[in-house]
Amino acid sequence: RRVLSSSVPRLVREFVAQNNTSQIKHVIQILSQEFALSQHPHSRKGGLIGLAACSIALGKDSGLYLKELIEPVLTCFNDADSRLRYYACEALYNIVKVARGSVLPHFNVLFDGLSKLAADPDPNVKSGSELLDRLLKDIVTESNQFDLVGFIPLLRERIYSNNQYARQFIISWILVLESVPDINLLDYLPEILDGLFQILGDNSKEIRKMCEVALGEFLKEIKKNPSSVKFAEMANILVIHCQAADDLIQLTAMCWMREFIQLAGRVMLPYSSGILTAVLPCLSYDDRKKNIKEVANVCNQSLMKLVIPEDDEMDEAKQSMTLPAEPTSEESISKPEAASSGESLSELDITALNQPLSFPCSSEKVQVTLNLDGIVQVLDCHLHDTSIGMMTRIAVLKWLYHLYIKTPRKMFRHTDSLFPILLRTLSDESDEVILKDLEVLAEIASSPAGQTEGHGPSDGSDVRPGPVELHVPARACQLSNAGTKGLECSPSTPTMNSYFYKFMINLLKRFSSERKLLETRGAFIIRQLCLLLNAENIFHSMADILLREEDLKFASTMVHTLNTILLTSSELFQLRNQLKDLKTPESRNLFCCLYRSWCHNPVTTVSLCFLTQNYKHAYDLIQKFGDLEVTVDFLTEVDKLVQLIECPIFTYLRLQLLDVKNNPYLIKALYGLLMLLPQSSAFQLLSHRLQCVPNPELMQTADSTKSSAGYKRTAASNIDYTELLQHFEKVQNKHLEARHQRAGRAEQLDRRVVL
């Protein structure tokens, strides 16, 4: 070794002085082949020392022979002897120190060798490689000839290493390259972003911190120069890591996604379904993941704002620019395990990332097509998933409502597929979810976009719902027979659009099949619908549907529920006032429609007559009660009616008891109810009320000859009360027959059990 270190420099200097290139190469070849690559360890050590001495002797001319000098040294990096690997490190350090910037053309092979030594188990070798690494970083930092394009493929490959030391080495180089003003690493961020997020999940706190710093620097650079950022190429990478199991990875990716949506704007729209797949589940996180939840909420709100009314009018075939296609549901709904287990993005089925993209500046106005099909598919998938949290379900419903507001014509293409799950969501345990669900259903039922068969207006006019103009559906929709169940439209019912009547039918079907929903949430749902839609439409259509209901027991229960809502809910104040006087043809038509369905329940029919001040007809109905089967349920309903009469809603009725002369049938009807009741608290209550009715002779005044009920009778003179009474008898006979059939079936069942 001493001979080589003393004689080689002398020989090389002589050959340099003589400009004898061939002899110099011959010396290097001998040192490489016969020594550095020898089978004997001592010879290899001597060869490494000789190559380093040769490089020192060559001085600035060493750049001409770097390939021959470096290759044998790098080969020794893989030697089994740790001392040889150390000598190789030392030799390469001397070669690089002499050559300085001349080694940059060979940077990739040097980097490759160093990345392996960074994970070397021997501490001396690691120490030597760190010295060489610092020297190489100094050279790169002070040079302006670094070949970043050629280096990126190697960096992309090495960044997926699972070794902690190799990862630390990679991150340190990224930080160095990022700090060099002449090196624009941001242009190649899509190539390494996935690897950075995987390193962020390393077990070492130090490495995670270094990676956080690197990602933070990149994000600062993105905020400074958004126009030069390839947002679209990185969108799917963020989608994957926003679903990571590791909290730090997920939070960091979600923060990046927030910035991307805010900086890139509508450029992110083609990736909406993937973003929603990642963001929506986070909205239901508890306080342990509060930070992720808050950032996800901002992402969700920002993305929602990107959808505009113009998206409803855009013709996809005429877009001036095409961005990479959004991944399919299988691609966008990526598994978090892939991001957390070290699996490379290149192994995932994300085809959009492999497509070339000519990306414009964010400041330019870019026409982007909203992939509504993909968004609706994700939203539908989340609604079907019973395991998702309440806040996620609310967010999904807010999205659907927003899309129906902004893009109604396109959304109505999906209404038939969404309708069943929206109806099922009415059974949700959360009132907030039901409220949002009702808003969506109400928008579907009232939007002008649902008026036509094609689910959209024929012109380009504004499709936001204005004041609803009710209309009667065409006669083509008439019933084939009066007993048909599950009707799609009605010739007599005012409707808001083609989906309104369908909604009412399916809602009643839902109540019929799920009686617990009717008992616990029925009144709540109908009252909210009366606020969101036209109350008269709702009661008119439901009464029309119940008129043809084959399940008479359900019809009676439903009528009782509707009647209670009509008489007690503040939301129905205007409708009650409309029915109270029956001054208009519309109000009389509504009364007749309600009456025919209310006949399913005798007591509710009487209460409707009380509400509309049809006291004579109420008395006539009560007279018919003697022919009915008086059950405990029947008497309970009479009891409830008496309680209602004492409520503020019937204040006008109680005041009319003062005018005995003009309201004899009111008093008779009340006495009729009293006679029906057994000796109960309701009996005592009504009896005390009737005892307060004054003597008509004491109540006479100068204008007593004027009948206050005269106008009432004139106003309602178009109503055929005889026909209504006949209809009542017909319906009650049906109920009686149905009860007998049920009793017969029950008796047969009892006999079978006994046998």
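The values are calculated or read from the model by the stated rules, or taken from the named source; none is laboratory data. No experiment lies behind these values; they were computed from the predicted model shown. Heads up, the Cβs are rebuilt from the backbone with ideal geometry, glycines too, and the neighbour counts pull from every protein chain shown. For the accessible areas, the whole protein counts, side chains as well, though only heavy atoms, and no ligand, DNA or RNA atoms are used. Shrake-Rupley method; radii C 1.70, N 1.55, O 1.52, S 1.80 Å.
Could you list, in sequence order, all residues of the stretch 1-54 that are modelled with pLDDT of 85 or more, within 21 Å of ASP81 (Cα to Cα) and either outside any helix (DSSP H, G or I) or polar (S, T, N, Q) (or both)?
Taking the stretch 1-54 and keeping what is modelled with pLDDT of 85 or more, we get 10-54.
If we keep only those that are within 21 Å of ASP81 (Cα to Cα) too, we end up with 31-52.
Correct list: SER32, GLN33, LEU37, SER38, GLN39, HIS40, SER43.
Can you pull out the residues in the stretch 168-219 that are over 36 Å from the mean Cα position of the chain (by Cα), outside any helix (DSSP H, G or I) and charged (D, E, K, R)?
ASP182
Inside the stretch 517-588, counting only helices (runs of 4 or more DSSP H) that do not spill past its ends, which hold 3 or more residues that are without any contact (Cβ under 8 Å) to a residue 40 or more places away in the chain?
Values: elements: 535-546, 552-568, 573-581.
Helices (runs of 4 or more DSSP H) meeting the threshold: 573-581.
Restricting the first residue to the stretch 216-233 and requiring it to be in contact (Cβ under 8 Å) with a residue 12 or more places away in the chain and under 22 Å from ILE275 (Cα atoms), which pairs with a second residue that is buried (at least 16 other Cβ atoms within 10 Å of the Cβ) and of a type in the set (Ser, Thr, Tyr) meet a Cβ separation below 8 Å and a spacing of at least six or different chains?
So the pair list comes out as PRO226/SER362; SER227/SER362; VAL229/SER362; PHE231/SER362; ALA232/TYR271.
Considering only residues that are open to solvent by less than 20 Å² (accessible area, probe 1.4 Å) and of a type in the set (Ser, Thr, Tyr), which ones fall in the stretch 371-407?
THR392, TYR404, THR407 - these are the residues of the stretch 371-407 that are open to solvent by less than 20 Å² (accessible area, probe 1.4 Å) and of a type in the set (Ser, Thr, Tyr).
Which condition from (1) open to solvent by 20 Å² or more (accessible area, probe 1.4 Å); (2) out of contact with any Gly (no Cβ under 6 Å at 6 or more places or on another chain); (3) not in a loop (DSSP other than H, G, I, E, B) is the one that TYR86 breaks?
(2)
Kindly establish whether VAL693 is in a loop (DSSP other than H, G, I, E, B) and either surrounded by 16 or more Cβ atoms within 10 Å (Cβ to Cβ) or without any contact (Cβ under 8 Å) to a residue 12 or more places away in the chain (or both). Spell out how you get there, then give the answer.
Details: in a loop (DSSP other than H, G, I, E, B): yes; either surrounded by 16 or more Cβ atoms within 10 Å (Cβ to Cβ) or without any contact (Cβ under 8 Å) to a residue 12 or more places away in the chain (or both): yes.
Yes; evaluated as a whole, the condition is true for this residue.
Suppose we keep only residues that are hydroxyl-bearing (Ser, Thr, Tyr) and touching a residue at least 40 places away in the same chain (Cβ under 8 Å) within the stretch 21-35. Which one would you say is least open to solvent (accessible area, probe 1.4 Å)?
Looking only at the stretch 21-35, we keep the residues that are hydroxyl-bearing (Ser, Thr, Tyr), and these are 21-22, 32.
The next check asks that each one be touching a residue at least 40 places away in the same chain (Cβ under 8 Å); those that pass are 21, 32.
Numbers: THR21: 54, SER32: 9 Å².
Ranking the qualifying residues of the stretch 21-35, first place goes to SER32.
Would you point out the residue of the stretch 228-256, among those that are touching a Pro at 6+ places or on another chain (Cβ under 7 Å) and part of a loop (DSSP other than H, G, I, E, B), that is nearest to CYS282 (Cα to Cα)?
Within the stretch 228-256, the match that is nearest to CYS282 (Cα to Cα) is GLN243.
Give the residue, chosen from PHE591, PHE573, PHE610, that is open to solvent by less than 10 Å² (accessible area, probe 1.4 Å) and farther than 16 Å from LEU641 by Cα.
Details: PHE573 fails: open to solvent by less than 10 Å² (accessible area, probe 1.4 Å); PHE610 fails: farther than 16 Å from LEU641 by Cα.
So the residue among PHE591, PHE573, PHE610 that is open to solvent by less than 10 Å² (accessible area, probe 1.4 Å) and farther than 16 Å from LEU641 by Cα is PHE591.
Can you pull out every residue in the stretch 101-139 that is more than 51 Å from the chain's Cα centre (by Cα) and not in a helix (DSSP H, G or I)?
Residue satisfying the conditions is ASP122 alone.
Name, by its number, the condition in (1) modelled with pLDDT under 70; (2) among the aliphatic types (A, V, I, L, M); (3) within 18 Å of PHE591 (Cα to Cα) that does not hold for ALA702.
The one condition ALA702 does not meet is (3).
Restricting to the stretch 565-620, name every residue that is among the basic types (Lys, Arg) and under 46 Å from the mean Cα position of the chain (by Cα). Working first, answer last.
We begin by selecting, within the stretch 565-620, every residue among the basic types (Lys, Arg); these are 576, 580, 583, 588, 596, 616.
Selection gives ARG576, LYS580, ARG588, ARG596.
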